[in-house]
1. Within the set of pairs 6 or more residues apart or between chains, which connect a residue that is under 16 Å from VAL443 (Cβ atoms) inside segment 480-501 to a residue that is open to solvent by 10 Å² or more (accessible area, probe 1.4 Å) and among the basic types (Lys, Arg) with Cβ atoms less than 6 Å apart?
2. What are the residues in segment 415-425 that are under 21 Å from the mean Cα position of the chain (by Cα) and surrounded by fewer than 22 Cβ atoms within 10 Å (Cβ to Cβ), if any?
3. I want to confirm something. Restricting to segment 79-135 and keeping residues that are of a type in the set (Gly, Ala, Ser) and over 14 Å from ASP25 (Cα atoms), which single residue is nearest to the chain's Cα centre (by Cα)?
4. Determine whether segment 377-391 contains at least one residue that is open to solvent by 80 Å² or more (accessible area, probe 1.4 Å), within 29 Å of ASP492 (Cα to Cα) and modelled with pLDDT under 95.
5. Yes or no: segment 149-169 includes at least one residue that is surrounded by fewer than 16 Cβ atoms within 10 Å (Cβ to Cβ), assigned to a helix (DSSP H, G or I) and small (Gly, Ala, Ser).
6. Mind listing whichever residues of segment 463-492 are charged (D, E, K, R) and surrounded by 15 or more Cβ atoms within 10 Å (Cβ to Cβ)?
7. Keeping to segment 130-145, report how many residues are modelled with pLDDT of 95 or more and either more than 28 Å from ILE36 (Cα to Cα) or acidic (Asp, Glu) (or both).
8. Only residues in segment 402-420 that are at negative phi count as the first member; pair them with residues that are open to solvent by 60 Å² or more (accessible area, probe 1.4 Å) and among the hydrophobic types (A, V, I, L, M, F, W, C), Cβ under 6 angstrom, at least 6 apart or cross-chain, and list the lot.
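The values are calculated or read from the model by the stated rules, or taken from the named source; none is laboratory data. Please read all numbers here as calculations on a predicted model, not as lab measurements. Cβ: placed from backbone, ideal geometry, glycine included. Neighbour counts: every protein chain shown. The protein model used for the area step is the full one, side chains on, heavy atoms only, and it has no ligands, DNA or RNA in it. Shrake-Rupley method; radii C 1.70, N 1.55, O 1.52, S 1.80 Å.
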Amino acid sequence: MRSNNCGQLNKKHISSEVTLCGWVDRCRDHGGVIFIDLRDSTGTIQITVDPDQGPEIFKIAETLRNESVLQIKGLVRARPEEAINTKLATGEIEVIAKDLNLLNSVQGNLPFTVSIHDEEPIKEELRLKYRYLDLRRERMSKNLRTRHATIQAARNFLENEGFIEIETPVLTKSTPEGARDYLVPSRVCGGQWFALPQSPQIFKQLLMVGGLEKYYQVARCFRDEDLRADRQPEFTQLDIEMSFMKQEEILDLNERLIRTIWKKIKDIELPRPFPKITWEESMNRFGTDRPDTRFGMELKDISAIAEKMNFKVFSGAVKKGGSVKCITVKNGNNLISNVRIKPGGDIFTEAQKAGAGGLAFIRVRESLEIDSIGAIKDNLAPEQKAELLKIADAKAGDLILFGAGTTQIVNKTLDRVRQFLAKELNLIPIHNNTDDWKFVWVVDFPMFEVNQDEKRLEALHHPFCAPNEKDLGDNPKAWSKTLPRARAQAYDLVLNGLELGGGSLRIHHAELQKEVLKAIGLEAEEAKKQFGFLLEALDMGAPPHGGLAFGLDRMLMLLTEEDSIRESIAFPKTQQARCLMTQAPAEALENQLKELHVQSTWVEPD
C-alpha cells in the first residue's frame, strides 16, 4: 500500500514518486492550495494538494477531518527556502499529491486532539478511555518505542552472555509468596483454582535444577494489591536466573546489563562499579531500604544525647527501646517557617502521615546559639549542645528536625520528610546527565521481619532466599535459633529512591528450605502440601543458583522521565485496577459461573 514511511523521507528523495499512508494530523487551506500534515508511526510530512493536479483529489482534500486515514501518491520536491519547517525532520521537503484515496473517515467529534502540534494536557481518565487515540500521540508513541528498544537491548545483552529465553506457566498454583493472588476457577477440576503468577520465582529455580543454567524471560506477573503510581495489577518483569555464580558475579553481570540499557536509551556512560551499602546502613542513614542518594539531609542518630536529657519525649523514647534521630536542612532558617512545622503545616502533615505525633526542631542562630522550645533548649548542657551540632553537621542558619519514638516510626517519618523537603527545596537535580542517575546496591537484608498483626515471622523478600552462611552456622540442629537473626544473601538495585530490581542467591538444599518454611509458620505437612514439588526437586541435584528481576514498567517510567508507570504501558489499569477502555473487570454471565462451579456472594454496598 505504500512505498515509503512519512518520517523517513528526506532531500535524497526529491523528484521521486512515492506512495504514503497515514493519518491527517491537520489540514490548512491557503488561498486555494490545501496543505495536509500526514502522520504515520515514523513522523510527519507535508502534502500539498493543488487544484491544478485535478478537481477530484482537491474535492476530497476539502472535506478531510483530522485523524482520517489516507493513502496518497505524489512527487517529492524541495520546499521554498522561506517555507522550510525546522521543527520537522522532513521540513525541507513536501509531497505534491497526484492521487488521494480516503481509506477511512472520522465520524463524530474526537474526545481530544491527537495532533503533534497540540500537546495540551488531557485528563488521564479520558486518555485511558480512548487509549487507542492516545497511542497515536507523540508522547505515548515515543514511550512505547523506548520500551521496545529497552527490551531489545536487554535481550541482545543477555543472549550474548549465553542466556536463553524460556516461557513459564501463567496458570499455576496459589502459594504464600506475599501479595494477594489473582485466582482463576477451573471448569474441568471442580472446586479447584489456578493462580496467576506473582513472579516466575519457583519455575525459574526449577529450570536451574533442570540444568538450563542461564535463563531469562520478559515475564507477565500479577498481584492483587493496593495500587500506587508505580504499581499495576499486571506488570512486566525482566526475569533472570543463573547457576554456579557467586553474588558478586551476579551483581557485575546486572551492572553491565543496566549500563548497556542506559547507553542505548539515554546515551549515558554509567560509571562502574555501582556503590554498595548494607540494609542496616541504609536504614540508619536514610530511614529506608530504597535510599535516594542524589542529595544530603541524611539521618543522624542522637539517641545517646537524648537519653540523658530531661526532655521526656526524647529520653522516654530511648528508654522504651526506640531512638531519636534528626535531619539538618541547610539554610533552613530562611527557607522554612515555624508554621509549616507546627500542627496544620505541610511538613507536620507529612510527618503525621508516617505515623509521627509531630516534629521537634532547633534553629541554629549566629554564634551557634540554639532556638527551640524551652524543654529542649533548657535541658541541653553546653557539651551536649556542641555534640548534637557536631553529629547533625549543623551550622548557623540551619534547621534541625527531630523524630522520636520507635525506630521504625522515626525512620519512616524522617525518610518521608526528607524526600518531601528535597522536592520542595529543589535539591534533586533535573538535568539529564550521568550524575543524575544514582544507582546503589542494598545488600545483606534480614531474612525475616515480624508480622505484628499475626505475631510471627515472615520473609522480608521471599522464603527462597539463601541465608548468610556465617550467620546460619554449620550445625543444622541450631538452625531454628540462628535463622531468625540471619541476614539473607539478597540484593536490591535502587535508583534515585526507587527499587529498580531485586534478587538473591537461592536455597538449593531441601533441609534448609524446610527450616525456612518452618520459620514462617509452615510446618512439615503444610510445607509439603504447598511446596512438595520444589522440596523434592532440591533433593535431586539442585545446583547453587541465584538471580534477579527488574521491574520493566518502573524502569521505563524512569527512562522516559514520567511520573507514573501507566505512561510506559500500552493499556494500563487505573488505581482502582480497572480498564476504562474495555470496562474490565465486568460481571460474568450466570451460565459461565455455573460451568465454573462458582457463585457470587457480592452485595452492592448501601
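1. Final answer for the pair search is VAL494/ARG290; GLU499/ARG290.
2. ARG416, GLN419, PHE420, ALA422, LYS423 - these are the residues of segment 415-425 that are under 21 Å from the mean Cα position of the chain (by Cα) and surrounded by fewer than 22 Cβ atoms within 10 Å (Cβ to Cβ).
3. Pass one, segment 79-135, residues of a type in the set (Gly, Ala, Ser): 83, 89, 91, 97, 105, 108, 115.
Among the residues that remain, those that are also over 14 Å from ASP25 (Cα atoms) are: 83, 89, 91, 97, 108.
Values: ALA83: 44, ALA89: 32, GLY91: 37, ALA97: 46, GLY108: 38 Å.
Applying the filter and picking the extreme gives ALA89.
4. No, because not a single residue in segment 377-391 is open to solvent by 80 Å² or more (accessible area, probe 1.4 Å), within 29 Å of ASP492 (Cα to Cα) and modelled with pLDDT under 95.
5. Yes: segment 149-169 contains one or more residues that are surrounded by fewer than 16 Cβ atoms within 10 Å (Cβ to Cβ), assigned to a helix (DSSP H, G or I) and small (Gly, Ala, Ser).
6. Listed by number, the residues that qualify are ASP471, ARG487, ASP492.
7. Going through segment 130-145 one residue at a time, the tally reaches 1.
8. ALA404/VAL313
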